[in-house]
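Report on the structure given below.
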Amino acid sequence: MGEAIVITSGKGGVGKTTTSANIGTALALLGKKVCLVDTDIGLRNLDVVMGLENRIIYDLCDVADGRCRLNQALVKDKRFEELYMLPAAQTRDKNSVSPEQVKDIILELKKDFEYVIIDCPAGIEQGFKNAVAGADQAIVVTTPENAAVRDADRVIGLLESSHIQSPKLVVNRIRNNMVKSGDMLDIDGILQVLNIDLIGIVPDDELVIKAANSGEPTVMNPDSLAAIAYRNIARRILGDTVPLMQMEQKKGAFSRFKKFFGMG
Amino acid sequence: MTVKSNHVTIKGIRDGLVFLLDDQCEFEELLYELRYKLEHSHQNILTGPIVHVDIKLGAREITEDQKEEILDILKQKGNLLIRSFDSPALVQEVKGPPPIVTMCGMVRSGQVLHHEGNLLFLGDINPGGTVTCTGDIYVLGSLRGMAHAGISGDEEAIIAASVFAPTQLRIADVISRPPDEWESHETGMEFAYLQDNQMQIDKMSNIVRLRRDFNVFKGV
């Protein structure tokens, strides 16, 4: 029996879909059998980020309504044998499935997959309830902005009062230079307010946007800082102890040399 | 259905009956058993001449409505005359100020914690979270959300917190928000109170000037 993890945030545009795609791909990269589930019915994006849009035949609603079998709706990834995606319907809305239906589908997926990653829509309404219904664990994504932290706090409150006990936190799109100058919330400040376990910090990286547009998860690109961060998150999900990435910019040999002589 | 557990004990004393009502079980269960005992008792003490009855509730606290429910059942037997009704809730009213109730946890955005009386809260109150109280609010943790003390009009109520950074404060009908109306300079524990309908903030050590009765140290 696998584990179902919902990726949620409350606020829109903080990187839920990107995080889902990258964590899912990173887990597949580590040899796990993974299924990504898009529950953002009517505004699906996960297929675009994964570059699988043109392979969709059936979707979540078709499975829920019994128009097809579950494995007919699963889209196989083009890069990994063991990575699949269950797309959301685009022509319907959130109310066209019930939390019970989603729960049954997730339960079915958990039999075949080691990890089921559920991409949650923004908001706390029906779509959120659908996404959370089948999950065993939750990862809350936030960015270092007050509005995102406020919404994350709201969602954590809702998760804690549901069956999900201890959600984990991903702080996305952090910019080290802005944190240093005091213009951006720092990790400690966010953790003080939210008071949950941190599972990863993802730096702001232009390569993420480039990768999403080309339908190739960033995590495939080993040169990207964000990719390393996502790979670390995946390893932490598997239970490895991985130290948090140093957010310092890499210094050249010369500056290290200067520092050695007390000049830097 | 037979009643196995004994939540209701009827004892005979010299000049009447004492009903001992268990204080641990559910109230509904208690009512059911009381009704059962009165209806199924074959002893003629319940059908004979007028008997004086004392009711003892133990440590159970009941509301006026619940008291009426018990009395209604007993009144069905015309010969029972209620002489006394002992319950701690009724005794407590004469006892002085209500005690402080301790709660712990975390009030997150969108969550509301309401309490009747004085509240000692262990944990944080986050922005968007609300704590309302008819009495004082003491927070051992960070107050970053909204706190409303004396919600039913008590202007004497205060709000105190280890880390005092509320989005808004209310005492009785007075609303105040930082930093327009007051600014916090202290790093230590602070509290808010009302003075001439104005919200005032002071450091905790000055609370003795506001409330003499807080200072319990009367030694030499």
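The values are calculated or read from the model by the stated rules, or taken from the named source; none is laboratory data. Bear in mind the structure is a predicted one, so any value in this text is a computation, not a measurement. Cβ coordinates were reconstructed from backbone atoms using ideal geometry, including for glycine residues, and neighbour counts include every protein chain displayed. With ligands, DNA and RNA removed, areas are computed over all heavy atoms of the protein, side chains included. Shrake-Rupley method; radii C 1.70, N 1.55, O 1.52, S 1.80 Å.
Figures for the structure shown
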| item | result |
| --- | --- |
| Checking A:Arg173 against (1) within 14 Å of another protein chain (Cβ to nearest Cβ); (2) under 17 Å from the mean Cα position of the chain (by Cα); (3) open to solvent by 50 Å² or more (accessible area, probe 1.4 Å), the condition it does not meet | (1) |
| Restricting region A:8-24 to residues that are under 18 Å from A:Pro203 (Cα atoms) and among the β-branched types (Val, Ile, Thr), the residue that is farthest from the chain's Cα centre (by Cα) | A:Val14 |
| Tally of residues being within 13 Å of another protein chain (Cβ to nearest Cβ) and either in contact with a Lys or Arg (Cβ under 6 Å, 6 or more places away or on another chain) or in a strand (DSSP E or B) (or both) across region B:123-145 | 9 |
| Those residues of region A:49-60 which are free of Cβ contacts under 8 Å to residues at least 60 places away in the same chain and surrounded by fewer than 21 Cβ atoms within 10 Å (Cβ to Cβ), in sequence order | A:Asn54, A:Arg55, A:Ile56, A:Ile57, A:Tyr58 |
| Enumeration of residues in region B:164-173 that are assigned to a strand (DSSP E or B) and either out of contact with any Lys or Arg (no Cβ under 8 Å at 6 or more places or on another chain) or crowded, with 23+ Cβ neighbours inside 10 Å (or both) | B:Phe164, B:Leu169, B:Arg170, B:Ile171 |
| Qualifying residue in region A:220-228 (condition: at pLDDT 90 or above, in contact with a strand residue (DSSP E or B) (Cβ under 7 Å, 6 or more places away or on another chain) and part of a loop (DSSP other than H, G, I, E, B)) | no |
| Matching option when the condition is within 14 Å of chain B (Cβ to nearest Cβ) and open to solvent by less than 20 Å² (accessible area, probe 1.4 Å), among A:Val102, A:Val97, A:Val116, A:Val140 | A:Val140 |
| Verdict on A:Leu191 being within 14 Å of chain B (Cβ to nearest Cβ), surrounded by fewer than 18 Cβ atoms within 10 Å (Cβ to Cβ) and not charged (D, E, K, R) | yes |
| Lone qualifier among A:Ser166, A:Ser181 - being without any contact (Cβ under 8 Å) to a residue 40 or more places away in the chain, within 13 Å of chain B (Cβ to nearest Cβ) and open to solvent by 60 Å² or more (accessible area, probe 1.4 Å) | A:Ser166 |
| Positions within region A:72-103 being part of a helix (DSSP H, G or I) and free of Cβ contacts under 8 Å to residues at least 24 places away in the same chain, in sequence order | A:Gln72, A:Ala73 |
| Which listed residue, of B:Leu46, B:Leu71, B:Leu80, B:Leu90, is open to solvent by less than 40 Å² (accessible area, probe 1.4 Å) and at pLDDT below 75 | B:Leu46 |
